[in-house]
Each structure stands twice: as structure tokens, then as C-alpha cells.
Amino acid sequence: MFGSTVRGAALTAVVLAGFAVSCAADPATPGTASSASSASSTPSAASTPSASSLPDASEAGRAAPSASRGPSSSALPGTAPEKVRDAFAGLQATLDGSCTPAECAYFVGRVYDELHGLDAAMKADPKGPGHFPEPIALVAKLDAELGGDRSFKNLKEHQTLLIGTRDKINTWMQGHPDDYR
């Protein structure tokens, strides 16, 4: 296929090296950000702040994730929003996490993102936002307390409320299994 095994091996090595570099790239670094992540960098009431508002490595270990599931990046234009069951699975994936010194910024940022991804999915669900009154109200209460500040310092300060909101929504969803199965 490649004419020689040496040429094929070299091509494979180049492709794998390119893949490894692209996987290790920081999406917040200029020039590597995708159009979807740059679109989410404009703060608004319905979006999460950009990665630039997150702490750097010297502040708190690993930085919190960008809004990988947040409302501003959960779907590309023209695509369907994330399903409630998928967003809830992402939130449940945070249940075993904790705020260790090396991972705290990542953990609280991820819980925040997962909560907002679930909130967006519930609001976009065909059943309507009225079908999910308690979880949507809990996220609204959290947002009011956070005052739009998604910085690590503010999330850490409100960690008890953040984790409590996650746990209350998890309990509510467990009582409504038809919404996530």
C-alpha cells in the first residue's frame, strides 16, 4: 500500500505524533482554540465564562475544564442539544470526585459545567422546562449565589452549595428514572 514498509512506518509515526500533539494542546491557547470554544468565550447570562477566567497552574494545580458540556458548547449550531440522560450521566460521573489539592480547580469546575449542561438539556427537552422545575430552580439559586463569577476562588468559596446542588439534583433525578433511562 505505501510502497515500502519504511515509508509506511514513517507516515504512521508522523500521523501519531500529530495526533499526540493535538490531544495535548491547551484549548485556551490562542491559535489552537476551535470556533466552538471561541464562540463560548463571550460571556453572557446563558454561557459559562471563558478559560481565561480560570486559575493558571500556579494558582490551583490543574485548571477547571472549559465548558465541555456547558450550554454554550453542548451543541454546534444546527445540531440537537444534549439529551437529559446524557447530561445526567456526566453529572453522575462527578459523584465519586472530591476536591483534593491537586484536582480541586478541575473538580469544582467540572461540577459547575455538568450542572449547567444538565440545566440546558432540561430546558431544551421536548417535555419542556416545566417538567424539571426543582433542578432548574436549584441551578438558578446556585447562579444567583455565584453572581456570575465562575472563578476557582468563587467556586471554592461556594463549594458546599455547589456540591449540595449536585446532590439534590441527583436525588431528584433518581426519583424520576423515566427522564434518564
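The values are calculated or read from the model by the stated rules, or taken from the named source; none is laboratory data. All of these numbers come straight from a predicted model, not from anything done at the bench. Because the Cβ atoms are built from the backbone with ideal geometry, glycine has one as well, and the counts that use them run over all protein chains shown. The protein model used for the area step is the full one, side chains on, heavy atoms only, and it has no ligands, DNA or RNA in it. Shrake-Rupley method; radii C 1.70, N 1.55, O 1.52, S 1.80 Å.
Annotations
- Leu161 aliphatic (A, V, I, L, M), in contact with a Ser or Thr (Cβ under 8 Å, 6 or more places away or on another chain) and closer than 21 Å to Leu95 by Cβ: no
- A single member of Arg62, Arg85 is at pLDDT 70 or above and either open to solvent by 20 Å² or more (accessible area, probe 1.4 Å) or touching a strand residue (DSSP E or B) at 6+ places or on another chain (Cβ under 8 Å) (or both), and it is Arg85.
- Matching residues, region 108-145, being among the charged types (D, E, K, R) and part of a helix (DSSP H, G or I): Arg110, Asp113, Glu114, Asp119, Lys123, Glu134, Lys141, Asp143, Glu145
- Selected residue [assigned to a loop (DSSP other than H, G, I, E, B) and surrounded by 15 or more Cβ atoms within 10 Å (Cβ to Cβ)] from Arg166, Arg150, Arg181: Arg150
- Residue count for region 148-170 under the criterion of being modelled with pLDDT under 95 and more than 18 Å from the chain's Cα centre (by Cα): the result is 0.
- Just one of the listed residues (Leu161, Leu95, Leu118) is surrounded by 13 or more Cβ atoms within 10 Å (Cβ to Cβ), touching a residue at least 40 places away in the same chain (Cβ under 8 Å) and of a type in the set (A, V, I, L, M, F, W, C), and it is Leu118.
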